[in-house]
Amino acid sequence: MKIRSQIAFLTAFIIGALAPAALGQTRQPVDYVDPHIGSISYLLQSVPPTVQLPFGMLRMAPLTSPGISDSYLGEKIYGFPVDGVVVMPTAGPVETDPEKIASPYDHDFETATPYSYAVTLEKTGTQAEFTVTQQAAYFRFTYPSANERHIMIRAMQGGRLTADPAHSVVSGFEVVYGARHYFYAESSHPFTVWGAWQGSTVTPGLTNVTGSRIGVAVNFADSEANPFEWRVGTSYISVEQAHRNLAEQIPAWDFDAVKSHARGSWNQALGKISVTGRSEDEKTIFYTALCRSLWGMANITEDGRYYSGYDKQVHSSDGHDFYVDDSLWDTYRSEHPLELLLAPSRQLDMVRSYVRMYEQGGWMPRDPTVGGRGNWMIGNHSASLIADTYAKGYTEFDAEKAYEGIRKNATQASVLPWYLGSLTPLDKVYQERGYFPALAKGEKETSPLVTPERRQAVSVTLENSYDDWCVALMAKALHKDADYAYFLKRAHDYEDVYNPTIGFMAPRTMDGKWVVGFDPKLGGGQGGRDYFTEDNGWVYSFHVQHDVAGLIQLMGGREQFVKRLNGLFEEPFGEAKFNFLAQFPDATGLVGNYPQGDEPSFHIPYLYNYAGEPWMTQRRVRELMRIWYTSGLMGLPGDEDWGAMSSWYVFNAMGFYPVTPGSPTYNVGSPIFDEIAILLENGKIFTIRALQQSPHNKYIQSATLNGQPLNKPWFSHSDIANGGTLVLQMGPQPNKSWGSAPDAAPPSMTLP
């Protein structure tokens, strides 16, 4: 009976995700997605209305007014980028200046979805539409008149463009961050070549052009024909490969079929999580966040494998390097754990790709990288990615080689921010003394290797302390006992930057002395970067994800720890808010000194679970979701950062969060839906039921997991992976005894 019920539920689940409106369901998951949420930012980057497939390599959005960081407020469209090159339909006399090619547009005459985009270009009255596959784009342009119709294709960086009117093709490449992005574009109608240009030099009739700031224009014969369609294949290998990708993914001239397939792909992907209860508005916020979380996961490469979160392969997979764009500093916290939950096979392929990049490039990738190397931001967070995957039971990769790579990073690579290289004298201080040395206040930089991002000394120590714990986990799993002991000792390095006199993580100079005059709120200059990464000492004093129990002891026990946590959310800026944000522009979404808009804060609301007050976690996460995640144009608290900001919301709206990637556990929060059902890759279903939940009923009164009482504010990944049901009885007043016992606290390094 149980098996039959599960089959019936699974069938209903799939139908719910894919069934057409004719079956009675008026809105499918993809219909809730609003690509304009967050298209106006609070301070830094906004999110454009992006079109791509789930996990897709090709990501497209209209190119709006340059210099305007808020995509929604750009009043002109300058074209439609296809990876490297920009495509733009025009009419009337040919112009080559991008400013003169650009067209005003009106959002009231625009339709943006995850799978397609359409807009009226007001300058000419042309209707422009596009949709995508994994590595190809499909345009449909409907011109208002029967004459003087053109397509402009340009490459602003270095590249080459070739028009072939005999085959109705334009092809070439543009160089982006040192990598060639190839394309092959076919027209549905014959064309003639108007000419090409480089900079301000225009050559009528020219069919080939190479260099920077180049473009080519083609004309269509005067006729009543409409619409005009273009199919564009892309590749990071060659024009020929771009042609093959196009032929495989868009074999026929059928725009609506490609669009329908893209829509179906999104419905299937979004339908893996079904939510019931609450308002349509909150479903819009949720499914938009889930959609953006699925942007930043594995992207398919030329040979059909998944190399990395944002892989763009430069050469064939025969031992050459390839380009990767995966900001692990942003994504290791919640984006990658969400992928591991929803698509573990893709996560495994990512890990395999990182191992391959280590084999090819000599270093395990740590952040946005070229050739599998590079080091933007800080930390050795590939260790987190690998350890979390392994700890949650997904071990089908070369663990020995993976460990070799993360161990080499931890022992032989510099930890200097934004620096690629071997150990420096500063690194040797870090390895010998357990902390990365900071400059004394007013002291001039002594190392020529320190970049304009400065030392970020305390954050470097804290984040590498966590990463060393992840390395230790892998060493233990592989029975490398000496290494396990060594890295476990290094995982305690966070203790060396805790100053008990002031009660904050604080910088120390080369001679071991605390920096005199250090201000944990405003110290460190722009972004706090003398000592911290984008945030201040208030935030980073809680950045000990792997050993919260040890941190609680450092801060004087549970009661004092909770006071410090409350203080973070209550502490005033100490000066005008505009001055504070001028110094810390990443620290948006502020509640006191807590910045929901920046990644180092993400785990902090859950630290109450470790200190005996889970009800405060429930209160905080509900408050943060309600204030900072909305369905409006300013619906995100900070930079999306490859899905980081949205994946935090997805987890929290479901009622749990991975505080410590590397530990196969999740902390319990406060779900905002009555029921959440997660369809796992193995076909099993994990369900969370929040009985009587409402905006007021946000506190857990009691809980059961698979029918057994749950009196602790956490559960294991295996509880999800094997399917099951978590039932939370919700109420309007906190049950301060639930999950509060010392032995109910989630695992920590010093309290397993």
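The values are calculated or read from the model by the stated rules, or taken from the named source; none is laboratory data. Owing to the predicted nature of the structure, the values given are computational and were not obtained by experimental measurement. Cβ atoms come from the backbone with ideal geometry, glycine included; neighbour counts cover every protein chain shown.
Number of residues in the stretch 430-449 that are under 23 Å from Thr411 (Cα atoms), charged (D, E, K, R) and surrounded by 11 or more Cβ atoms within 10 Å (Cβ to Cβ): the value is 1.
Looking at the stretch 412-429 only, could you name the residues that are surrounded by fewer than 15 Cβ atoms within 10 Å (Cβ to Cβ) and within 18 Å of Met364 (Cβ to Cβ)?
The initial filter retains those residues of the stretch 412-429 that are surrounded by fewer than 15 Cβ atoms within 10 Å (Cβ to Cβ), namely 412, 421-422, 425, 428.
Residues satisfying the conditions are Gln412, Gly421, Ser422.
For the stretch 214-269, filtering for residues that are charged (D, E, K, R) and either in a helix (DSSP H, G or I) or surrounded by 20 or more Cβ atoms within 10 Å (Cβ to Cβ) (or both) leaves 7. Of note, Lys428 does not satisfy the criterion of being among the charged types (D, E, K, R) and either in a loop (DSSP other than H, G, I, E, B) or touching a helix residue (DSSP H, G or I) at 6+ places or on another chain (Cβ under 9 Å) (or both). Being buried (at least 22 other Cβ atoms within 10 Å of the Cβ) and touching a Ser or Thr at 6+ places or on another chain (Cβ under 7 Å) is a property that Ile386 lacks.
Residues of the stretch 520-567 that are in a loop (DSSP other than H, G, I, E, B) and small (Gly, Ala, Ser): Gly523, Gly524, Gly525, Ser541, Gly556, Gly557.
If you go through the stretch 621-638 and keep only what is more than 23 Å from Asp31 (Cα to Cα) and either hydrophobic (A, V, I, L, M, F, W, C) or surrounded by fewer than 24 Cβ atoms within 10 Å (Cβ to Cβ) (or both), you end up with Val621, Arg622, Glu623, Leu624, Ile627. The number of residues in the stretch 665-718 that are without any contact (Cβ under 8 Å) to a residue 24 or more places away in the chain and in contact with a Pro (Cβ under 9 Å, 6 or more places away or on another chain) comes to 0.
Of the residues making up the stretch 657-710, those that are of a type in the set (D, E, K, R) and touching a helix residue (DSSP H, G or I) at 6+ places or on another chain (Cβ under 9 Å) are Glu681, Lys684, Lys698.
Remark: pairs (first residue in the stretch 741-752, among the β-branched types (Val, Ile, Thr); second residue assigned to a loop (DSSP other than H, G, I, E, B) and surrounded by 21 or more Cβ atoms within 10 Å (Cβ to Cβ); Cβ separation under 9 Å; 6+ apart in sequence or on different chains) = Thr750/Asp547.
May I ask you to say which residue of Lys392, Lys408, Lys401 is among the basic types (Lys, Arg), surrounded by 23 or more Cβ atoms within 10 Å (Cβ to Cβ) and modelled with pLDDT of 95 or more? Break it down into steps so the answer makes sense when it comes.
Numbers: Lys408 fails: surrounded by 23 or more Cβ atoms within 10 Å (Cβ to Cβ); Lys401 fails: surrounded by 23 or more Cβ atoms within 10 Å (Cβ to Cβ).
That would be Lys392, the only listed residue that is among the basic types (Lys, Arg), surrounded by 23 or more Cβ atoms within 10 Å (Cβ to Cβ) and modelled with pLDDT of 95 or more.
Which is farther than 23 Å from Asp83 by Cα, hydroxyl-bearing (Ser, Thr, Tyr), at pLDDT 95 or above and surrounded by fewer than 21 Cβ atoms within 10 Å (Cβ to Cβ), of Thr192, Thr210?
Thr192
Per the conditions (1) surrounded by fewer than 18 Cβ atoms within 10 Å (Cβ to Cβ); (2) at pLDDT below 95, the sole criterion not satisfied by Ser716 is (2).
Note on the stretch 104-122: among residues that are free of Cβ contacts under 8 Å to residues at least 24 places away in the same chain and part of a loop (DSSP other than H, G, I, E, B), the one that is nearest to Leu290 (Cα to Cα) is Asp106. The residue that is nearest to Arg622 (Cα to Cα), counting only those in the stretch 571-606 that are of a type in the set (D, E, K, R) and touching a strand residue (DSSP E or B) at 6+ places or on another chain (Cβ under 9 Å), is Glu571.
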